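*Asks:* This structure is in structure tokens; I'll ask about it shortly.
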Amino acid sequence: KDFRNNIKPNWCPGCGDFSIQAAIQRAAANVGLEPEQLGVVSGIGCSGRISGYINAYGFHGVHGRSLPIAQGLKMANRELTVLAAGGDGDGFAIGMGHTVHAIRRNIDITYIVMDNQIYGLTKGQTSPRSAEGFKTKSTPSGSIESALSPLEVALAAGATFVAQSFSSNLKQLTSLIEQGMQHKGFSFINVFSPCVTFNKVNTYDWFKENIVDLEEIPDYDPTNRVMAMTKIMETNSMLTGLIYQDKSKTSYETHVPGFREEALAKQDLKISEQDFEKLVAEFK
Ligand code: SF4
């Protein structure tokens, strides 16, 4: 099973997105998928290119809309493992409404946010994840807004799987994506992915100094929602690892009346030929 294709990514050398691409490819192989069993949907931004760089079904959507497309894909073909991906601008600015509602809906897809704390494709503007005081072309005197905490938002929205990782930690990231793909519900994975070209503050070294790995916290219990929120707040959202998982809640699509496991295309229409013709005639 090889999830690599022959397209050469046009990310800048050193961009964190390369490792996320590798982690997705490894995770998909490790959970035993075949390329035709995986669908990757992305939004717009440097990160949005990822759907073209994986040997699977790929859909490069529009800005902030990877999640509606990914949810439609899952509803139409429940046999597919569906993964959505995009940047922090894509998911937490224009796409934030979709992010919150997809989380609370708990549909069975994995959402990876490639969080570089800046807009890279448009050459470096302040994003929802940029820290207060962050200077860019759009905030030359420093941002006067504070950074969004995606982990707090996800947990507050009722997420059943919340994780965070760093693109340099390929082993942890691959494992978290595997767990996300195997989780029966919405899996939210935020990944620190340094933009080496435009973000000179949140660099690889900066993340290494500031990240708090959950393995360093004794007796941490990822099934305890209150503990998860407390640690997120105590670490200023710099926690990495599996932060929270609730395996008891069943996913959205299984509650849809008449739910069946197979893809819609394989299901009987359960309608007579005569009634079908009548239905088609109404659309003429
Ligand atoms: Fe990566 Fe930044 Fe280059 Fe975009 S501009 S490819 S985010 S390093």
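*Asks:* Taking the Cα-to-Cβ direction at Glu234 and at Ala93 and moving 7 Å from each Cα, how far apart do the two end points lie in nm?
*Replies:* Label-label distance for Glu234 and Ala93, simple model: 3.4 nm.
*Asks:* Can you pick out the pairs among Lys208/Lys249; Lys1/Lys171; Lys123/Lys208 whose Cα atoms lie more than 27 Å from each other?
*Replies:* Numbers: Lys208/Lys249 34 Å; Lys1/Lys171 19 Å; Lys123/Lys208 25 Å.
In this structure, Lys208/Lys249 exceed 27 Å between Cα atoms.
*Asks:* Looking only at Thr81, Thr223, Thr126, which one moves most when the chain is put into a Gaussian network model with springs between Cα atoms under 10 Å?
*Replies:* Of Thr81, Thr223, Thr126, the Gaussian network model singles out Thr223 as fluctuating most.
*Asks:* Another one. Between the alpha-carbon centers of the range 34-82 and the range 209-238, tell me the distance in whole angstrom.
*Replies:* Centre-to-centre distance over Cα atoms comes out at 30 Å.
*Asks:* If you don't mind, there's one more thing I want to ask. In percent, what relative contact order does the chain have, based on Cα pairs under 8 Å that are 6 or more apart in sequence? Mind showing how you got there, number by number?
*Replies:* On the way: 581 pairs, mean separation 50.9, N = 284.
Computed value for the chain: 18 percent relative contact order.
*Asks:* Report the charge-dipole magnitude of the chain in Debye, nearest 20, computed about the Cα centre from +1 at each Lys and Arg Cβ and -1 at each Asp and Glu Cβ. Intermediate values should be presented prior to the final figure.
*Replies:* Working: 27 positive and 30 negative charges, 118 e Å.
Using Cβ point charges on Lys, Arg, Asp and Glu, the chain gives about 560 debye.
*Asks:* Among Ser127, Ser248, Ser19, which one shows the biggest mean-square fluctuation in a GNM of the chain, springs joining Cα atoms closer than 10 Å?
*Replies:* Ser248
*Asks:* Something else: For q values of 0.12, 0.19, 0.22 Å⁻¹, compute log₁₀ I(q)/I(0) with the Debye formula on a Cα-only model of the range 157-244, without solvent.
*Replies:* For the requested q values the scattering log ratios are -0.37, -0.89, -1.13.
*Asks:* Could you tell me which residue out of Gln71, Ile107, Ser127 lies farthest along the dipole of the range 17-282 toward its positive end? Charges go on the beta carbon: Lys and Arg +1, Asp and Glu -1, centred on the Cα centre.
*Replies:* Ser127
*Asks:* Still on this model: Taking amide hydrogens as modeled 1.01 Å from N in the peptide plane, which residues meet the under 5 Å criterion relative to Gln125, leaving out close sequence neighbours?
*Replies:* Tyr119
*Asks:* Based on the Cβ-Cβ distance of Ile7 and Ala156, what FRET efficiency does E = 1/(1 + (r/R0)^6) give at R0 = 41 Å, to the nearest 0.05? Don't skip to the answer; put the middle values down first.
*Replies:* Working: r = 38 Å, r/R0 = 0.93.
The pair Ile7/Ala156 has a calculated efficiency of 0.60.
*Asks:* Sort Phe259, Phe166 so that the residue with the fewest other Cβ atoms within 10 Å of its own Cβ comes first and the one with the most comes last. Intermediate results must be reported in sequence, preceding the final value.
*Replies:* Details: Phe259 10, Phe166 22.
The fewest-first ordering by Cβ neighbours comes to Phe259, Phe166.
*Asks:* Follow-up. Please give the contour-minus-distance gain from Glu79 to Gln182: 0.36 nm per residue of separation, less the Cα-Cα distance, rounded to one decimal in nm.
*Replies:* On the way: separation 103, 0.36 × 103 = 37.08 nm, distance 1.29 nm.
Going from the current span to full extension adds 35.8 nm.
*Asks:* Ok, one more. How large is the convex hull of the C-alpha atoms of the range 1-142 per residue, in Å³? If you can, show how the numbers build up before the last one.
*Replies:* Details: hull volume 15.0 nm³, N = 142.
About 106 Å³ per residue, rounded to a whole number.
*Asks:* In nm, what is the difference between 0.36 nm times the number of residues separating Ala263 and Lys284 and their Cα-Cα distance?
*Replies:* Extra length from Ala263 to Lys284 when fully extended: 4.9 nm.
*Asks:* With a 10 Å Cβ neighbour count serving as the proxy for reagent exposure, in which order, fewest first, do Ile50, Ile44, Ile271 appear? Write down the numbers at each step before the final one.
*Replies:* Working: Ile50 27, Ile44 22, Ile271 11.
So the residues, fewest neighbours to most, are Ile271, Ile44, Ile50.
*Asks:* At a 10 Å Cβ-Cβ cut-off, how would you order Leu264, Leu73, fewest neighbours first? Intermediate results must be reported in sequence, preceding the final value.
*Replies:* Values: Leu264 11, Leu73 20.
By the 10 Å Cβ count, ascending, the order reads Leu264, Leu73.
*Asks:* Please report the Cα spread of the chain along all three principal axes, rounded to whole Å, starting with the longest.
*Replies:* Cα spread of the chain along its principal axes, largest to smallest: 68, 42, 38 Å.
Bear in mind these aren't lab numbers, they're just calculated from the coordinates by the rules spelled out. In this text, all values refer to a predicted model and were calculated from it rather than measured experimentally. All Cβ positions, even for glycine, are placed from backbone atoms using ideal geometry, and neighbour counts span all protein chains on display.
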